[in-house]
Every structure is written in C-alpha cells, then in structure tokens.
Amino acid sequence: MTSNVQLSETISPSHQKSHPTAEKEEVDYMQRAQWLRAALLGANDGLVTVASLMMGVGSLKEDVKAMLLVGFAGLVAGACSMAIGEFVSVCTQRDIETAQMKRAIENKLSLSAVDEQEEEEKKERLPNPGQAAVASALAFSVGAAMPLLAAVFIVNHKVRMMVVAVVATIALLVFGVTGAVLGKTSVVKSSVRVVIGGWIAMAVTFGLTKFIGSQAMEM
C-alpha cells in the first residue's frame with residue numbers, strides 16, 4: 001500500500017504537466033489551405049488584372065477617368081467571375097470527395113467506433129464552396145482596389161503610372177509573405193514566386209493591351 005501511494009504521488013506531477021499539452025489543439029493547415037488558396041488567388045488576380053489594365057490604358061491615353069473606369073469595370077467583373085468560378089470548382093471537388101467517401105463506406109460491412117469518428121472528421125474537412133467563393137470575391141476586390149486607390153489622387157500621368165507599378169509590386173510582396181506566414185511555408189520562396197509571377201502576368205497583359213489598343217487607334 002505504501003509503495004502504491006508513493007508511486008502515484010511521483011507520477012501525478014508529471015501527469016499534470018503533460019495534461020495541458022495533450023489538450024492543446026493543433027492547427028489544421030489542410031483546412032486552412034482551402035480558404036487561404038482562394039483568398040490569395042483572388043487577391044493576386046485582382047491586383048494583377050486591374051493594375052495591368054490601368055497601365056495598358058494609361059499608356060494609350062493620358063486620362064485618369066478612363067483608367068479608373070477600366071479598373072473599376074475589371075474589379076466588378078473579376079470579383080463576380082472569381083466567386084462563381086470558385087463556387088463551381090469547389091462544389092465539384094466536394095461532390096467527388098463525398099462520392100468517394102460513400103464508396104469507401106459501402107465497401108466495408110460494418111464501421112467500428114474509430115471508423116465512424118474518422119468518417120466524421122473527413123466530412124468536417126470537406127471544402128466549403130460558399131466560404132471559398134466569398135473569400136475569393138472579397139480578396140479579388142481588395143487586390144483590385146489597391147491600384148485604383150493609388151491612382152485616383154495623382155494628377156501627373158507619368159507619376160501615376162509609376163505609383164501603380166510600385167503599389168502593385170509591394171502588394172504582391174505582402175500577399176506572398178502573408179500566404180507563407182499563415183501556411184507555415186518558406187517566406188522567401190513564396191514572396192519571390194508571387195512577385196515574379198505577378199510581374200510576368202502584368203507584363204503580358206500590359207503588352208497585349210497596348211498592342212491591341214494602338215492597332216485599333218490606327219484603324
């Protein structure tokens with residue numbers, strides 16, 4: 001009896017110390033990746049689309065109203081397109097994963113308590129189409145609003161073009177760092193990837209806009 005009491009007293013402090021850590025919840029980065037992907041995709045698309053359109057139109061016509069009009073139209077159309085596209089895409093993904101789960105359950109004659117718990121956890125981790133659509137549309141609007149707000153208060157045309165380009169670069173860098181921090185990945189790799197990818201997309205869009213616009217003006 002005495003040894004049992006002493007043994008319980010010796011292990012009880014360590015048990016108490018390890019108990020809080022056992023109750024500590026771990027972050028589900030797979031679940032976070034669903035809305036994080038949609039948000040970063042929307043923000044990058046909004047920024048790159050509107051900034052490149054504004055610079056393309058600005059290179060053809062030194063009119064701030066034309067730039068803002070094109071930018072605002074790109075914001076509205078892009079946000080709606082991103083929301084609908086993301087909703088349809090995630091719905092398809094959810095339907096495929098749900099069907100796969102049903103087939104897996106049908107192949108088992110009976111589910112144990114552990115199996116049922118695993119199935120419930122899988123259902124909770126299914127992608128949410130509405131959440132992805134809202135996150136994507138809001139993120140696109142935020143990204144698209146940055147070059148618009150940067151250009152609206154500047155009178156000089158050349159300065160306005162430079163400010164839009166600088167703001168776009170800084171915003172791309174911020175998006176890359178934010179995604180890396182929230183996803184616990186490499187900050188340098190994510191930032192470089194987002195900035196370079198964004199600049200390539202803006203350069204292509206800017207070049208095509210300027211080329212098509214100049215050809216149309218000559219006709």
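Note down all Cβ pairs under 6 Å where the first residue falls in the range 53-79 and is over 16 Å from M146 (Cα atoms), the second is of a type in the set (D, E, K, R) and open to solvent by 60 Å² or more (accessible area, probe 1.4 Å), and they're at least six residues apart or on different chains.
These pairs meet every condition: G56/K210; S59/K210.
Determine which single condition A79 fails, assuming it passes every other condition in (1) more than 20 Å from K210 (Cα to Cα); (2) modelled with pLDDT of 85 or more; (3) open to solvent by 80 Å² or more (accessible area, probe 1.4 Å).
Evaluating A79 over (1) more than 20 Å from K210 (Cα to Cα); (2) modelled with pLDDT of 85 or more; (3) open to solvent by 80 Å² or more (accessible area, probe 1.4 Å) leaves (3) as the failure.
Condition first: among the β-branched types (V, I, T), out of contact with any helix residue (DSSP H, G or I) (no Cβ under 7 Å at 6 or more places or on another chain) and closer than 20 Å to M54 by Cβ. Now tell me which residues in the range 167-207 satisfy that.
Listed by number, the residues that qualify are I170, V174, I200, V204.
Which of the residues that make up the range 45-69 are open to solvent by 10 Å² or more (accessible area, probe 1.4 Å), at pLDDT below 85 and more than 22 Å from the chain's Cα centre (by Cα)?
Passing the criteria: M55, V57, S59, L60, K61, E62, D63, V64, K65, A66, L68.
When residues of the range 25-44 are filtered for being modelled with pLDDT of 75 or more and surrounded by 22 or more Cβ atoms within 10 Å (Cβ to Cβ), how many remain?
Qualifying residue count, the range 25-44: 5.
The values are calculated or read from the model by the stated rules, or taken from the named source; none is laboratory data. Since the model is a prediction, treat every value here as computed from it, not as a measurement. Note that each Cβ is placed from the backbone with ideal geometry, even for glycine, and that neighbours are counted across all protein chains shown. In case anyone asks, the SASA skips ligands and DNA or RNA and just uses the protein heavy atoms, side chains included. Shrake-Rupley method; radii C 1.70, N 1.55, O 1.52, S 1.80 Å.
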